[in-house]
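Student: The following block contains the structure, expressed as structure tokens.
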Amino acid sequence: MAVLQTTTLTLRPCTPDDRADFIDLELDPEVMHFLNGGAVDHATTNPKDVNFLMPRGSEPYVWTARRTNTDAFVGWFCLFPETASLAEIGYRLRRDAWGQGLASEGASALVAWGFDSAGYDKIVACTMAVNRGSRRVMEKLGMKQARTTFPDFPARLPGAEQGEVWYELLRSGWSGGNR
């Protein structure tokens with residue numbers, strides 16, 4: 001995996017040194033709202049037993065995002081290969097980084113890497129239908145909504161009845177985003 005540089009961010013492959021920052025993200029109830037309904041209880045939650053990514057710094061497809069000018073932790077991005085030609089993108093940012101275009105900036109860099117260097121033909125993403133912020137990032141990337149599914153969300157997640165939306169972007173439809 002490459003180190004990716006944007007105007008504001010440096011994305012580098014995660015390491016065990018990132019573990020504490022990753023766990024801090026999971027302790028923020030707003031960050032975890034659409035994934036867990038609130039903060040993760042680390043005393044009782046095993047990352048292998050949940051249906052969302054809880055990176056610990058050894059995951060091969062996770063990039064840690066830090067501000068280039070200060071090295072401050074912003075969050076993480078992942079591009080997980082489902083097949084040789086298909087990958088799923090995901091991201092999680094600190095709340096104080098929301099609303100600054102950083103999710104779109106980092107995701108755009110990762111999509112570009114996925115198409116240009118990793119050779120994917122399609123990149124997909126999903127979120128709860130009610131998660132307007134994440135959906136907006138997907139749309140800024142040029143992704144189009146492909147379907148809505150109705151997985152068995154925990155009942156405590158408001159909006160679960162509206163389902164989960166899947167977006168996709170083909171290499172042929174990639175315009176370069178924020179590059």
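Student: Write out, first by first residue and then by second, each pair whose Cβ atoms fall under 6 Å of each other, whose residues are 6+ apart or on separate chains, and whose first residue, in the stretch 1-13, is more than 18 Å from Asp116 (Cα to Cα) while the second is aliphatic (A, V, I, L, M) and part of a strand (DSSP E or B).
Tutor: Leu9/Ala65
Student: I've got another one for you. Does Glu161 satisfy being in contact with a strand residue (DSSP E or B) (Cβ under 8 Å, 6 or more places away or on another chain) and either within 27 Å of Val3 (Cβ to Cβ) or at pLDDT below 95 (or both)? Let's see the steps before the verdict.
Tutor: Values: in contact with a strand residue (DSSP E or B) (Cβ under 8 Å, 6 or more places away or on another chain): no; either within 27 Å of Val3 (Cβ to Cβ) or at pLDDT below 95 (or both): yes.
Judged against the criteria, Glu161 is not a match.
Student: Going through the stretch 20-31 one residue at a time, which ones are out of contact with any Ser or Thr (no Cβ under 9 Å at 6 or more places or on another chain) and assigned to a helix (DSSP H, G or I)? Can you show your working first?
Tutor: Quick first cut of the stretch 20-31, residues out of contact with any Ser or Thr (no Cβ under 9 Å at 6 or more places or on another chain) only: 20, 23-25, 27-31.
Across the stretch 20-31, the qualifying residues are Ala20, Ile23, Asp24, Leu25, Leu27.
Student: Further, regarding this structure: Take the residues of the stretch 96-115 that are in contact with a helix residue (DSSP H, G or I) (Cβ under 9 Å, 6 or more places away or on another chain) and surrounded by fewer than 17 Cβ atoms within 10 Å (Cβ to Cβ): which is farthest from Pro29 (Cα to Cα)?
Tutor: Ranking the candidates gives Gly101 first.
Student: So, one more: Determine whether Arg147 is over 28 Å from Thr7 (Cα atoms) and of a type in the set (Lys, Arg). Even if it seems obvious, please write down each step before you answer.
Tutor: Values: over 28 Å from Thr7 (Cα atoms): yes; of a type in the set (Lys, Arg): yes.
Considered against the rule, which asks whether it is over 28 Å from Thr7 (Cα atoms) and of a type in the set (Lys, Arg), Arg147 comes out as yes.
Student: Same structure again: I'm told Leu27 meets every condition in (1) surrounded by 15 or more Cβ atoms within 10 Å (Cβ to Cβ); (2) modelled with pLDDT under 90; (3) more than 28 Å from Arg171 (Cα to Cα) except one. Can you identify the failing condition by its number?
Tutor: Single failed check for Leu27: (1).
Student: Another one. Out of Val62, Val74, Val40, report the one residue that is modelled with pLDDT of 95 or more, surrounded by 15 or more Cβ atoms within 10 Å (Cβ to Cβ) and within 19 Å of Ala20 (Cβ to Cβ).
Tutor: Working: Val62 fails: modelled with pLDDT of 95 or more; Val40 fails: modelled with pLDDT of 95 or more.
Just a single option satisfies the conditions, and that option is Val74.
The values are calculated or read from the model by the stated rules, or taken from the named source; none is laboratory data. On a predicted model such as this, the values are computed, not experimentally measured, just so you know. All Cβ positions, even for glycine, are placed from backbone atoms using ideal geometry, and neighbour counts span all protein chains on display.
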